[in-house]
1. Would you check if Val42 is of a type in the set (Val, Ile, Thr), surrounded by 13 or more Cβ atoms within 10 Å (Cβ to Cβ), in contact (Cβ under 8 Å) with a residue 60 or more places away in the chain and touching a Pro at 6+ places or on another chain (Cβ under 7 Å)?
2. Restricting to the range 94-148, count the residues that are open to solvent by 60 Å² or more (accessible area, probe 1.4 Å) and either closer than 17 Å to Met40 by Cα or within 10 Å of the chain's Cα centre (by Cα) (or both).
3. Can you name the residue in the range 55-84 that is surrounded by 14 or more Cβ atoms within 10 Å (Cβ to Cβ) and charged (D, E, K, R) and, of all such residues, is nearest to Gln123 (Cα to Cα)?
4. Report whether or not Thr52 is part of a strand (DSSP E or B), free of Cβ contacts under 8 Å to residues at least 24 places away in the same chain, farther than 28 Å from Asp17 by Cβ and open to solvent by less than 70 Å² (accessible area, probe 1.4 Å).
5. Going residue by residue through the range 141-150, is there one that turns out to be out of contact with any Lys or Arg (no Cβ under 8 Å at 6 or more places or on another chain) and of a type in the set (Val, Ile, Thr)?
6. Residues of the range 68-83 being touching a residue at least 40 places away in the same chain (Cβ under 8 Å) and of a type outside the set (Phe, Trp, Tyr), which ones?
Amino acid sequence: MSLSEDFMSTDDLHPIDIVETLAAHHDWEFDRVTDDQIAMAVEGQWRTYSLTLAWSAQDETLRLICTFEMEPPSDKLGDLYDVLNRCNDMVWTGAFTYWSEQKLMVWRYGLCLAGGQTAGPEQIDRLISSAVMAAERFYPAFQMVAWANKTPAEAMNVAIAEAYGRA
């Protein structure tokens, strides 16, 4: 059964209601922070990622941030920013940034649903899985520049290649 079969009609569903149903379906820990925001924890291979999705009715955008803690040595920040740029050059569906004050690596994406558009459960599920896959793919590169004294170019060699097709 497809995810959309769990929903009679998404036309009248709030995007965060769909996210909440998906989180329950995947058995992820979640907290409905407000009517327009949900926070959840998704287990990955490297670590558990914190995801927050928030609906902004003002600009009709479903915002996603996927974070994990990272506290690199201050002398490695230049290399970390370099590897961030290299990672961002390899993706189209979001971007990494580092929030130094919070000591968080962040994957951000905004899904614009202007004009009363709605996102289906498959689309939101793909949004979430894409965020986790990006974090998993580039996590080793971030660690290599921060802790293994690798150059950004060397660190990118360990980034898991994006898979295409099906096995």
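The values are calculated or read from the model by the stated rules, or taken from the named source; none is laboratory data. From a predicted model like this one, the values you see are computed outputs, not experimental measurements. Positions of Cβ are backbone-derived with ideal geometry, glycine not excepted, and every protein chain shown enters the neighbour counts. Areas reflect the complete protein model, heavy atoms only, side chains present, ligands, DNA and RNA absent. Shrake-Rupley method; radii C 1.70, N 1.55, O 1.52, S 1.80 Å.
1. No: the conditions fail for Val42.
2. Residues that pass the stated criteria total 4.
3. In this case the residue turns out to be Arg63.
4. Values: part of a strand (DSSP E or B): yes; free of Cβ contacts under 8 Å to residues at least 24 places away in the same chain: yes; farther than 28 Å from Asp17 by Cβ: no; open to solvent by less than 70 Å² (accessible area, probe 1.4 Å): yes.
Considered against the rule, which asks whether it is part of a strand (DSSP E or B), free of Cβ contacts under 8 Å to residues at least 24 places away in the same chain, farther than 28 Å from Asp17 by Cβ and open to solvent by less than 70 Å² (accessible area, probe 1.4 Å), Thr52 comes out as no.
5. no
6. The answer is Met70, Pro72, Pro73, Lys76, Asp79, Leu80, Asp82, Val83.
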